[in-house]
Amino acid sequence: MAQPFDLPDVIPVFPLPGALLLPRARLPLHIFEPRYLAMLDDALKVPDRLIGMVQPVKGRETPHGPALQQIGCAGRVTQFSETEDGRYLITLTGVSRFRVLDEIEGFTPYRRVRASWDGFDRDRGGEEGDKGFDRAALMKLLERYFDARSLRTDWDSLQEADDELLVNSLSMLLDFDTEDKQALLEAPCLTTRRETLMGLLEFALRGGGDGEEVMQ
């Protein structure tokens, strides 16, 4: 699917631990720090309105701040509203993953990177399918996971969701650590992401994770 804008060589990035954005998915964000308010103001001034979501690397620092993972996902600001005290509530809709080539020196209070979009053409196409998807197996695993953590969700909505929406929403919402979120982001296709997701759920059920998340 063609984009109504050209993907830029340089994009602003929001290094937010645990916040995962995937192509065609939607990520709500609450923007209140002055540097990110400035980032949003600048993003809204250009046609693409892109902001790159990228995971920081724990324990590694650079002159710009925490080191960044090599792959992130850019989203377009598709909804935004301003509160009376100057904060923003926005929604990013995932456009494409990108590879961080280098970080840009400059005078903006927020970070910017030079981005390569090569190798992620599929992200900019239509909805992705998963021919080998055993939905019953995933739902059974989810029931065990939710029961073990006393979580709740709208099971009817999960059952009715398309394959991509279901897998990507769970990947974004469940409380996995940043390394696991990065593995879900870097999965080359929906099938691999679904397999990774189910592996993480099984690992957590064996006692390898203790995150808590309430899905509504």
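The values are calculated or read from the model by the stated rules, or taken from the named source; none is laboratory data. Quick caveat, the model's predicted, so the values are computed rather than measured. Neighbour counts run over all protein chains shown; Cβ positions are idealised from the backbone, glycine included.
The residue list Val57, Val95, Val46 contains one member that is touching a Cys at 6+ places or on another chain (Cβ under 9 Å) and of a type in the set (Val, Ile, Thr), which is Val95.
When Asp163 is tested against (1) closer than 23 Å to Thr196 by Cα; (2) assigned by TED's automatic domain parsing to the domain that holds Arg193; (3) surrounded by fewer than 17 Cβ atoms within 10 Å (Cβ to Cβ), just one condition goes unmet, and that condition is (3).
Under the condition of being buried (at least 21 other Cβ atoms within 10 Å of the Cβ) and among the β-branched types (Val, Ile, Thr), the residues counted in the range 84-98 number 2. Just one of the listed residues (Arg111, Arg97) is closer than 25 Å to Leu201 by Cα and assigned by TED's automatic domain parsing to the domain that holds Leu29, and it is Arg97. Tell me which of these Leu142 doesn't satisfy, since it passes every other one: (1) touching a Ser or Thr at 6+ places or on another chain (Cβ under 9 Å); (2) closer than 30 Å to Leu7 by Cβ. Just one mismatch for Leu142, condition (2). Of the helices (runs of 4 or more DSSP H) that lie entirely inside the range 134-204, those containing 3 or more residues that are at pLDDT 95 or above and among the β-branched types (Val, Ile, Thr) span 190-203.
Among the residues of the range 72-83, is any free of Cβ contacts under 8 Å to residues at least 40 places away in the same chain, crowded, with 18+ Cβ neighbours inside 10 Å and in a helix (DSSP H, G or I)? No, there is no match, as no residue in the range 72-83 is free of Cβ contacts under 8 Å to residues at least 40 places away in the same chain, crowded, with 18+ Cβ neighbours inside 10 Å and in a helix (DSSP H, G or I).
Yes/no matrix, rows are residues, columns are (1) buried (at least 17 other Cβ atoms within 10 Å of the Cβ); (2) closer than 28 Å to Arg99 by Cα; (3) in contact (Cβ under 8 Å) with a residue 12 or more places away in the chain; (4) not small (Gly, Ala, Ser):
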| position | (1), (2), (3), (4) |
| --- | --- |
| Arg112 | yes, yes, yes, yes |
| Ser116 | no, yes, yes, no |
| Arg122 | no, yes, yes, yes |
| Glu128 | yes, yes, yes, yes |
| Leu142 | yes, no, yes, yes |
| Thr153 | no, no, yes, yes |
| Phe176 | yes, yes, yes, yes |
| Leu185 | yes, yes, yes, yes |
| Leu197 | yes, yes, yes, yes |
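Residues that are over 17 Å from Ser116 (Cβ atoms) and in a strand (DSSP E or B) within the range 52-64 comprise Pro56, Val57, Lys58, Gly59, Arg60, Glu61, Thr62, listed in sequence order.
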